[in-house]
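Enquirer: Mind having a look at this structure? Questions to follow.
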Amino acid sequence: MGSQIRQRQLIDIIKNNPALRVSNLAEQFNVSESTIRRDLSKLENIGMVKRVHGGALIEDSIVSEPPFEVRKVTHQKEKAKVGEAAASLVKDDITIFIDGGTTTPFIVPHLNKIKNLTVVTIGLNVAYQLASLPSIHTIQIGGELDLNTWVYAGPLSIQALTNWGLSFDLAFISAVGVSTDYGVTNQILNRIPQKQKAIELSRMVAVVVDGSKIGRVSTASIVPLQSVDFLVTDKSASEEELFRIQKLGIDVILAEKD
């Protein structure tokens, strides 16, 4: 088999099995691990996959996250249902953190009946949604605005979260991947410290993702799954992976279908 044909087949395999190891891929194609590594390097150089390192320098590859403008219009029905399910965790008289992203804004429309609620966010799109709900006390954390994600990031954002003495009863965290092998992962590296700080400041943590993110692995770790209290997703998620996640003691909340 020629290298170009093998690389095209690699892309298809990675799309369906993002956590496969180099050794697994080498066995499938009956080639050496070094050959697979060279293939992955070529695919990474043209932006088709990304590679992450873990364990004993074992390399795993994942499909690159689509641009924000694409993500915000994909899986919208699922994200709307996930947002509604996530909002069911919010009670009166608490302070919550809502992460930026393309799923978390769908939580906001379901908060209008919550009494004495304070919401802290770093997401400009989340803050825009909150502006229509004047009964909610909204705190927007600033910093450097990333126009690709509509999120305030960078050291100013971290400093604000740290120095204001904030604490949260519940933090809603977005992610690119959630798996039992690699935990909660994200592609954009400068977003990870914010997420970690919000988790550190919160009594309870809910990861909010649509079902396409379950079983997926992205570039770097946010937290291990053991640091998460709730996983809110939809019924399109892998049942096998959800079962494994539940075995870790995480409360899985599945959004209802229409």
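The values are calculated or read from the model by the stated rules, or taken from the named source; none is laboratory data. None of the values given here were measured: they were computed from a predicted structure. We place every Cβ from the backbone using ideal geometry, glycine too, and count neighbours over all the protein chains shown.
Enquirer: Look at Ala160 and say whether it is buried (at least 18 other Cβ atoms within 10 Å of the Cβ), within 25 Å of Thr233 (Cα to Cα) and modelled with pLDDT of 85 or more.
Expert: no
Enquirer: Specify which of the listed residues (Val207, Val217) is among the hydrophobic types (A, V, I, L, M, F, W, C), in the same structural domain as Ile250 (by TED's automatic domain parsing) and more than 24 Å from Leu89 (Cβ to Cβ).
Expert: Within the list Val207, Val217, the selection yields Val217.
Enquirer: Right, here's the next one. Say we look at segment 77-107 and pick out the residues that are within 17 Å of the chain's Cα centre (by Cα) and in a loop (DSSP other than H, G, I, E, B); which of these is surrounded by the most Cβ atoms within 10 Å (Cβ to Cβ)?
Expert: Gly101
Enquirer: Output yes when any residue across segment 118-125 is under 21 Å from Leu166 (Cα atoms), out of contact with any helix residue (DSSP H, G or I) (no Cβ under 8 Å at 6 or more places or on another chain), assigned to a helix (DSSP H, G or I) and modelled with pLDDT of 65 or more, and no when none is.
Expert: Yes, that holds for at least one residue.
Enquirer: For segment 151-168, enumerate the residues that are touching a residue at least 40 places away in the same chain (Cβ under 8 Å) and either over 14 Å from Asp99 (Cα atoms) or within 15 Å of the chain's Cα centre (by Cα) (or both).
Expert: Within segment 151-168, Val151, Leu166, Ser167 qualify.
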